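All remarks here apply to the structure that follows.
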Amino acid sequence: MPADTALDISKLKTANLGFPRMGSQRELKFALEGYWAGKRTEADLLAVAKGLREEHWKLQRDAGIHFIPSNDFSLYDQVLDTLVLLGATPERFGTGAVTLERYFAMARNSREQTAMEMTKWFDTNYHYLVPEWSAGISFAVDTTKLVNEIHEARLLGIETRPVLIGPITLLLLGKAADGFDAFSLADKLIEAYKKVLARLVEEKISWVQIDEPILATDLPEGAVDLFRRVYRQLGSVPIKLMLTTYFDRLAENLPVAIDANTTGLHIDVVRAPQQLEEVLAVLQPHQLLSVGCVEGRNIWLTNFAEASAMLSRAVDVLGEKRVIVAPSCSLLHVPHDLRSETKLPARLKSWLRFAEEKLGEIVALAKGDDAIAVQNAAAIADRAAAESSTNREVRAQLDALKEIDFSREFPYGERAGAQRDALGLPLFPTTTIGSFPQTADVRKHRAAHKHGHETDEAYEAFLREAIESCIRRQEEIGLDVLVHGEFERNDMVEYFAEFLEGFAFTENGWVQSYGSRCVKPPIIFGDVSRPQPMTVRWSEYARSLTERPMKGMLTGPITILQWSFVRNDIPRRDTSWQIALALRSEVQDLEAAGIPIIQVDEPALREGLPLRRREWEAYLDWAVKAFRLSTSGVRNETQIHTHMCYCAFEDILPSIAALDADVISMESARSKMELLDVFRANSYPNEIGPGVYDIHSPRVPDADEMYALLQLAVQVIKPEQLWVNPDCGLKTRGWPETEAALNNMCAAAVRLRAEMQV
Ligand code: GLN
Ligand code: ZN
């Protein structure tokens, strides 16, 4: 970096947009779970939470961050907190001030009451509680949490910039009751937000971070007008708003973001670097720009040369006083710190930055620290040159791919007959989605083996026994297509990642998924390849135990990609195709081992969709190809299954059909086969198993109930296309309810079979 560039940005302010809440050792998780289990008092839990907030504020101050967030902390979820702040929580949980008990009742299912619905926050793996909008809703502002946090920080001598979820994002993320127009809440919402802001004015707060990530999506009709109206009103409160957008480009929503006339605008230039120029061209003279140039969604070090170039460009146009250095979005989506990683190879570690280290990057960028920039350039170059980054053989394989590598030899119409002959299955074949109960015993053996307290031989023997007993039970139940049960798997991605080259694992790289639940995504750092078979011996062993057809079980390339931290130095498409090639070899090995049916699960296909519709097609094109690449290298007779969990498939049905799996199983029992309407409208070409019972609950549906669902299904799906299976894997269930439910399921299938054959 030239010295004059460094000077240009030496006086920039820095901001953080949100810090991970769990604590470096997941202290919050354990405190929450202890409290829920009745082992900790409320005071205990609150003390842990307060301690974490204080620690994180100090950490940000000591790092040199100027704008430090408050109210980014949450005991469960920030959207729920916003509803509490506005007094807009659903009435069925009670009214009046929200106690801790009621707060958690809204968030977590209990025997007495179903919690609020939960769904993914934009395209992240973080889940928020979905606001419920109805005519009766009244807003009663309660700023206790918001103000308490400001005071807590002040006691440490730290002045914070409180974070609020913006009104438009909140409104649009909610679900309106039947026939209710959520936009009609606008006036009440404006009043409520004004009250909140006025309260912050009283507290002598000068800046508020107001998050409107919805601006990075395709807005529904009327939203732009609503946005203008709401922000014109909020503008009357004498407080500075940092309108904060992230996860994608503002694009056609840029004018409305500018017209909101806030004192500052934050943009994500990691996901959308091109928008820097677009924004610089239209920012108003009084507006500050917060440049989100340190990635808040991934764990790689920032390329300082690129980030500094963007910052100096912003400074050239706006001057130093109007430019703030920030992460692209809240750091909630990355693990806490790298310090606790003792086992990662040092070289890989030198390319990584978790939340704490990212704060360091933000400050270094703002200072234009030359020494750090030199180190950064060296690390970037080292990563690019590292042998582990490039596997020539894999690259050559990718380059050599031809159209035919993405297609089965014959179309489904011709495969179906061959498969029918080879498998000899009855009408309405019954099967499961793969996993069987992961009992305490299974988990105990796995943990003992992992920590070296159980020998490989003993663990192996245990797994064989578990598989054998699972097969006997499936035979007794009368299932037609059997599975081995997946007892050897901890997690459907980690299990495969551990066999593949190009993946690394952290000890403590946890990221919040929802509430106290955290996930530890593997890190894809190099080209992916499969040095040896991964599942073959288990499937082969299972097959040797029974005459019935055995189904091999794999996790698909998009799901492995989506649930990992991916490299940012090659396109995601290429990584997914590398994984696909590895899986293709596994599929072929399973076939060679005599496994006649192979299921490749893709529950994450839908969640990989870009935020903007116009980008869907490009994504779906390579994602579908990744699946086809993994599954198309088999003979006609080999039957490929896939499975997906979540219901909202309407909009991507053509892509699901394009996967060209012979059979697909999907979740639908919870929605009473509403899924079928979609298939009625689009006539699905291959075979399909709409789940006939909900595995998420221990309830055992009787045969009549499942029979009734199957009757609905045969009205839409041709009998020879219909499979019978539960909604999803059974690993979270116990054996008694599993056996009872599957017995009933098979009875329902047998009954329908008898009737249809008459
Ligand atoms: N085969 C996996 C299982 O049964 C599928 C899990 C999933 O769909 N998420 O557990
Ligand atoms: Zn599932």
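Just a few scattered comments:
- Helix 144-155 and the longest principal axis of the C-alpha atoms of the chain enclose an angle of approximately 60°.
- Farthest toward positive dipole pole in the chain [+1 Lys/Arg, -1 Asp/Glu at C-beta], among Leu318, Val282, Val511: Leu318
- Looking at region 485-599 alone, DSSP beta bridges between its own residues are antiparallel in about 60 percent of cases.
- Amide H contacts under 5 Å for Ile664, placed H, 5+ residues apart: Thr642, Glu687, Ile688, Gly689
- For region 83-136 and region 489-542, distance of Cα centres in Å: 33 Å
- Within the chain, percent of DSSP bridges classed antiparallel, to nearest 5: 15 percent
- The calculated FRET efficiency for Ala305 paired with Arg228, based on their beta-carbon distance and R0 = 41 Å, is about 0.60.
- Percent RCO, i.e. relative contact order, over region 555-714, from Cα pairs under 8 Å lying at least 6 residues apart: 21 percent
- Cα centre as origin, Lys/Arg/Asp/Glu Cβ charges: region 7-88 dipole, Debye: 140 debye
- For Glu295, distant residues with modelled amide H under 5 Å away: Ser328
- Distance histogram in 10 Å bins (all Cα pairs of region 206-304, percent per bin): 15, 49, 29, 6, 0
- Derived scalar couplings between HN and Hα for region 296-309 equal x, 10, 9, 10, 8, 5, 6, 7, 5, 4, 5, 5, 5, 4 Hz in order, rounded to whole Hz, by the Karplus curve 6.51 cos²θ - 1.76 cosθ + 1.60 (θ = phi - 60°), x for Gly and Pro.
- Full extension of the segment from Asp651 to Glu277, taken as 0.36 nm per residue of separation minus the current Cα-Cα distance, would add 131.3 nm.
- Each label point was placed 7 Å from the Cα along the Cα-to-Cβ direction; for Lys120 and Asp316 their separation is 3.8 nm.
- Net length gained if the chain between Ala381 and Ser697 were fully extended (0.36 nm per residue, minus Cα distance): 108.6 nm
- Peptides 110-119, 358-367 ordered by average Cβ neighbours within 10 Å, highest first: 358-367, 110-119
- Rounded, prolate or oblate (a/c below 1.5 giving rounded, otherwise prolate when a/b exceeds b/c) for region 130-214 by Cα gyration tensor: prolate
- Quarter of Cα convex hull surface for region 35-114, i.e. mean projection, nm²: 6.4 nm²
- Overall form of region 656-758 per C-alpha gyration tensor (a/c, 1.5; a/b vs b/c): oblate
- Sorting 684-691, 102-109 by their mean Cβ neighbour count within 10 Å, with the most densely packed peptide first, gives 684-691, 102-109.
- For the chain, the equivalent ellipsoid derived from the alpha-carbon gyration tensor has semi-axes of 46, 31, 25 Å in decreasing order.
- All Cα-Cα separations within region 245-354 were binned at 5 Å from zero, giving a P(r) of 2, 12, 22, 21, 16, 11, 8, 4, 3, 1, each value a whole percent of the pairs.
- Distance between region 344-400 and region 688-758 - C-alpha centres, whole angstrom: 50 Å
- Modelled spin labels at Thr99 and Leu427, positioned 7 Å past Cα toward Cβ, are 5.8 nm from each other.
- Pairwise FRET efficiency - Lys11 versus Val374, Cβ, R0 = 25 Å, nearest 0.05: 0.75
- Size descriptor for region 582-716, Kirkwood hydrodynamic radius: 16.1 Å (Cα pairs only, one decimal).
- Global geometry of region 102-143, whether rounded, prolate or oblate, following the gyration tensor of its Cα atoms and the 1.5 cut on a/c: oblate
- Filtered trypsin sites (Lys or Arg not before Pro), region 657-741: DSSP coil and at most 12 other beta carbons within 10 Å: Lys672, Arg699
- Extension gain for Gln757-Glu55 works out to 245.8 nm (0.36 nm per residue, less the C-alpha to C-alpha distance).
- For the residue pairs Lys13/Lys204; Lys39/Lys450; Lys145/Lys194; Lys29/Lys58; Lys120/Lys625; Lys13/Lys240, the C-alpha atoms sit more than 23 angstrom apart in Lys39/Lys450; Lys120/Lys625.
- Virtual spin-label span in nm between Thr455 and Leu155, 7 Å along Cα→Cβ: 5.7 nm
- Normalising the average separation of contacting C-alpha pairs (under 8 angstrom, six or more residues apart) by the number of residues puts the relative contact order of the chain at 12 percent.
- 0 to 90° range, to nearest 10: angle between helix 616-631 axis and the chain longest Cα axis: 40 degrees
Each value in this text was obtained by applying a stated rule to the coordinates, not by laboratory testing. All figures in this text were calculated on a predicted structure; none of them were measured in a lab. No Cβ is skipped: glycine too gets one built from the backbone with ideal geometry, and neighbour counts run over all protein chains shown.
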